[in-house]
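The structure appears below as structure tokens.
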Amino acid sequence: MHSINNSELSSHEETRSQFNGRKADIKLGIDVHQDFYVVVMQEGGSNPKPPQRFKKEAFLHWAAKLARSGAQVHAVYEACGFGFGLQRNLTALSIKCYVVCPQKLDERNRRVKTDGLDAKALCLKLDRFVQGNRDAMALVRVPTQQEEQQRAIHRQREQLVKVRKQLEAQGRSLLVNHGLEPVQNWWKPRSFAALPAPQWMKELLLNSQPILLALQQKIAALTIQLQSAAGPEQPRGLGAMTSVIIDREIGDWKRFNNRRQIASYTGLCPGEYSSGNTRLQSCVTKHGNPRLRAALVELAWRLVRFQPKYKPVVKWRQILAKGALATGAARKKAIVAVARQLAVDLWRVRTGRCKPEVFGLEI
């Protein structure tokens, strides 16, 4: 793999091709890693150049020189666990940077995957996108730093709840393994004092009990913080916590132009395989935000109880009503349909298109 050095940079920039009296557009396909970036560059409509490997600081210095050369620079990389810092750094250098959904880049199914090939495939997709083919890339919306900070709060609370459940389950497992009855919330002071367990077992449980108590305090504090951020006059059944989670996972409701876009983002739309005269719809795509999807399904079950006049609930009442003669699979399909329509209705309410009363939602 070819690597560029400082002595080559100046000569490389001096020989940059001219197109219509101006510098040719430059496209950068970037394969992102923790400690380095692999970059493939394309100038104008020419063939992509060999991949180059940069340390993070060196790449930003090199990209800044490209931006100052007078050419229009575009860049693209796949969304990953390293956040959107690279996109923000490149945008600050006046480089148009896109973030796309992770995808299989081996379109020819050659079963060969390298960082250079991935960066090249991204660069070619970017070239088609810049030329006007908007279907060449599936863009990811980059949230603002404030949006990231806000949604990090309820995501951390979710992680703390998960850890608490794991430690609590470990304690119950210890009790059951030695012939004792499991005790719910065994770690709480009053329950722990009355725990019918030998001393050696209590000493083992004491390794987890202080952690569980501390976790519960942090979870309670975050819960209060989130609930206090909820807006007034929420529909019945839409709790303060759920309202905040849905709003912060969406970020900006106005970024969706129609009901199809918001429904697709939830991942609650059915998959489809159609060819010729055959049309087959399968389970939901689960394409989109998993936390938003979980919150909507949970909320839909609550609306069955608290919002009996809500139009989707009325439509599926025969299946979702308590004691209804329906299979579990039928109930799941019905509640997914309610959750999908609920997302669309919330989008209409949040963007001011309709009032909640139009859909039968009581405040």
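The values are calculated or read from the model by the stated rules, or taken from the named source; none is laboratory data. Everything numeric here is computed off the predicted structure, so don't read it as measured data. Cβ coordinates were reconstructed from backbone atoms using ideal geometry, including for glycine residues, and neighbour counts include every protein chain displayed. Just the protein is used for accessible areas: all its heavy atoms, side chains included, with ligands, DNA and RNA removed. Shrake-Rupley method; radii C 1.70, N 1.55, O 1.52, S 1.80 Å.
Within the range 72-94, the only residue that satisfies the criterion of being open to solvent by less than 10 Å² (accessible area, probe 1.4 Å) and either modelled with pLDDT under 95 or more than 19 Å from PHE36 (Cα to Cα) (or both) is VAL73. The set of residues from the range 149-184 being open to solvent by less than 50 Å² (accessible area, probe 1.4 Å), of a type outside the set (Val, Ile, Thr) and touching a residue at least 24 places away in the same chain (Cβ under 8 Å) comprises ARG151, HIS154, LEU160, ARG164, LEU167, GLU168, GLY171, LEU174, LEU175. Scanning the range 124-145 for any residue that is among the small types (Gly, Ala, Ser) and under 30 Å from LEU213 (Cβ atoms) turns up nothing. Of all the listed residues (ALA64, ALA71), the sole one being in contact (Cβ under 8 Å) with a residue 24 or more places away in the chain, in a helix (DSSP H, G or I) and more than 25 Å from the chain's Cα centre (by Cα) is ALA64.
The residue of the range 314-363 that is surrounded by the most Cβ atoms within 10 Å (Cβ to Cβ), among those that are in a helix (DSSP H, G or I) and among the basic types (Lys, Arg), is ARG340. Residues in the range 254-307 that are open to solvent by 60 Å² or more (accessible area, probe 1.4 Å), touching a Ser or Thr at 6+ places or on another chain (Cβ under 9 Å) and farther than 27 Å from LYS322 by Cα: LYS254, GLU272, TYR273, LEU280, GLN281, THR285, HIS287.
Scanning the range 225-247 for residues that are of a type outside the set (Gly, Ala, Ser), under 25 Å from ARG305 (Cβ atoms) and in a helix (DSSP H, G or I) returns LEU226, GLN227, MET241, THR242, VAL244, ILE245, ILE246, ASP247. In the range 190-201, of all residues being in a helix (DSSP H, G or I) and touching a helix residue (DSSP H, G or I) at 6+ places or on another chain (Cβ under 8 Å), the one that is surrounded by the fewest Cβ atoms within 10 Å (Cβ to Cβ) corresponds to MET201.
Please find, within the range 20-60, the residue that is nearest to VAL73 (Cα to Cα) out of those that are open to solvent by 50 Å² or more (accessible area, probe 1.4 Å) and among the basic types (Lys, Arg). The selected residue is LYS23.
Might you check whether a residue that is within 19 Å of the chain's Cα centre (by Cα) and of a type in the set (D, E, K, R) occurs anywhere in the range 296-317? Yes: the range 296-317 contains one or more residues that are within 19 Å of the chain's Cα centre (by Cα) and of a type in the set (D, E, K, R). Can you find a residue in the range 294-313 that is closer than 20 Å to VAL349 by Cβ and small (Gly, Ala, Ser)? Within the range 294-313, one or more residues are closer than 20 Å to VAL349 by Cβ and small (Gly, Ala, Ser). Looking only at the range 97-134, residues that are under 29 Å from GLY251 (Cβ atoms), more than 21 Å from the chain's Cα centre (by Cα) and loosely packed, with under 12 Cβ neighbours inside 10 Å come to 3 in all.
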